[in-house]
Amino acid sequence: MTERFSARETIALVTDRFTELPSPIREFPPNGPLSWQGYDDSRARAAARTGEDESVVCGTAVIGDTPAVLIAFEFGFLGGSLGERTGDRLEAAYTHAREHRLPVVSLVATGGSRMQEGMLALTQLQRVARQSALAREAGLAQIAVLRDPTTGGGWATLGAGADVTLALPGVQVGFAGSRVRPPDADPAAYTAEAQLAAGAVDAVVRTEELRGALARWLGLLTKPSAEAARVPPALGARELPATGWDAVRRARSAERPRAETYLDAYFTHRAAISGDRCGGTDDGMLCGFGLARDGRPLAYAAQCGTATRPAGYRTAARLIRLAGRLGIPVLTLVDTPGAANDADAERQGAGAAIADLFAAVATARTPVTTLVIGEGGSGGALALAAPGNTWAAPDSYFSVIAPELAAAILKRTPGEVEATAGQLRIRPQDLLDLGVIRGITEIPGT
């Protein structure tokens, strides 16, 4: 069974410097706004058991080196449920965050809205959603940590609505709590690990690693910059390809450096986001934030040489919009033979996902820098490329479509594929002459 920590114990896991915020005072009639028989007694027993007078503890903290507003739910107080007084505290915490320009970290453990306050409890979700939206508009980072359990409206607002969502191993996560699910529902579907696989959680983090993970995330998300990311140096071939087909062969070579190699060389450390928040993930699109070797936090989205799936495009669009809200420049690495074009990709909305990424890049609020490190296959590659700030490595190519497919469309024989590659002018030097790219990145020391 997953170990459950109290609100104060969880706070102690992530910080040694916590100062509780004053709690707003709301006077209730006996047994609350619905005059629910026994509600006062239930609250009194919960207070005696937990030492708290409400289901949430709010304050300011320093996590790593970053000041933040910290919200911790106390599940032992009526199941960590949200009532009007909970909403008061959450609103006050978010207001303090905006007034003092602080990120918000929510340590969530809740069963949902409080039955004894009826619809007045349920409408607190609207208050929480508004506060989260105001923080988003203000450019403040929001990180959620999912504890056991995180269900109902708490999951659908503070949890799933955060910029970055982390979860402790094995915890229950889902909109439906354990007492309201269908009797034949698979309990494994309502776990942190299942939500990670479904693209709704960014990472599952062990308890002993939580403090360090939060410190890293806060350090990466709270340092805006107006300067574009530097173009990474080339890590593969030094010489430019002699022909178009040479460019294709080198870009497809198994020996060529891939995205992981480039990212490891460019960043001292990285923290990945995962999932499109629509039920999907794509291992062929790496997205996240990292500390570049010039000392600046940057966002990155990198294709890994595979056909990019709709979830990959949606995750990249999510990353670019998040980076824009937080004022963080973006680095993208293009390397794909093209968008996935199988029937499942069409059913998953490939066209809409690619269109959304084109829009995210076109309207990015922070500078985007792109390096083509391998294959640049048609619109599935171009969607990740920055207009006016795309560069190419010597062992890459960019084409309107793969040469084999271009030959097929033109009703040419397989023997004419190599010549077609030349006619398409897809080499880095061709792209530079055509004005498609800004420059060709060089090997250090050349």
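Here are some notes:
- Across the alpha-carbon atoms of region 387-446, the computed radius of gyration and Dmax are 13.5, 45 angstrom.
- Among 156-164, 6-14, 19-27, sorting by the average number of other beta carbon atoms lying within 10 angstrom of each residue, highest first, gives 156-164, 6-14, 19-27.
- Long-range amide H partners of T369 with built H, under 5 Å: A229, V330, L331, T332
- Per-residue ³J(HN,Hα) for region 184-193, Karplus 6.51 cos²θ - 1.76 cosθ + 1.60, θ = phi - 60°, Hz, x for Gly and Pro: 9, 5, 6, x, 5, 6, 9, 10, 4, 5
- Charging the Cβ of each Asp and Glu at -1 and of each Lys and Arg at +1, and nothing else, the dipole of region 1-68 about its Cα centre rounds to 120 debye.
- Each label point was placed 7 Å from the Cα along the Cα-to-Cβ direction; for A129 and V62 their separation is 3.8 nm.
- For V56, distant residues with modelled amide H under 5 Å away: E74
- Each stretch of four or more DSSP H residues adds -39500 (n - 2.57); spread over every residue of the chain, this sum gives -10000 deg cm²/dmol at 222 nm.
- Modelled FRET efficiency - R0 35 Å, S42 with A176, Cβ distances, 0.05 increments: 0.90
- Note on region 2-50: along the principal axes its Cα atoms extend 39, 29, 16 Å, ordered by decreasing extent.
- The largest-to-smallest principal axis extents of the Cα set in region 265-377 are 43, 28, 22 Å.
- Nearest-0.05 FRET efficiency for D433 and R8, computed from C-beta distance (R0 60 Å): 0.40
- Dipole axis of region 4-61 (+1 Lys, Arg; -1 Asp, Glu on Cβ), positive-most option in V14, V56, A46: V14
- Förster radius 45 Å - calculated FRET efficiency between D186 and T95, Cβ distance, rounded to 0.05: 0.65
- Protein accessible area in the chain, 1.4 Å probe - carbon and sulfur %: 54 percent
- For the chain, a crude dipole built from +1 on the beta carbon of Lys and Arg and -1 on the beta carbon of Asp and Glu, taken about the Cα centre, is about 600 debye to the nearest 20.
- Global form of region 312-446, assessed from the alpha-carbon gyration tensor, a/c cut-off 1.5: oblate
- Cα gyration tensor shape of region 183-287, rounded if a/c is under 1.5, else prolate or oblate by comparing a/b with b/c: oblate
- Converting phi to 3J(HN,Hα) with the Karplus coefficients 6.51, -1.76 and 1.60 and the offset θ = phi - 60°, region 281-295 yields 9, 8, 5, x, 10, 8, 10, x, 10, x, 9, 5, 6, 8, x Hz in sequence order, with x at every glycine or proline.
- In sequence order, region 87-103 has phi-based couplings of x, 4, 5, 5, 4, 5, 5, 5, 4, 4, 4, 5, 5, 10, 6, 10, x Hz under the Karplus curve 6.51 cos²θ - 1.76 cosθ + 1.60, θ = phi - 60°, and Gly or Pro positions carry x.
- Accessible surface calculations at 1.4 Å, restricted to protein heavy atoms, place the chain at 42 Å² per residue.
The values are calculated or read from the model by the stated rules, or taken from the named source; none is laboratory data. Keep in mind the model is a prediction, meaning the values are calculated, not measured. Every residue, glycine as well, gets a Cβ built from its backbone with ideal geometry; the counts of neighbours run over all protein chains shown. Only protein heavy atoms, including side chains, enter the accessible area calculation; ligands, DNA and RNA are left aside. Shrake-Rupley method; radii C 1.70, N 1.55, O 1.52, S 1.80 Å.
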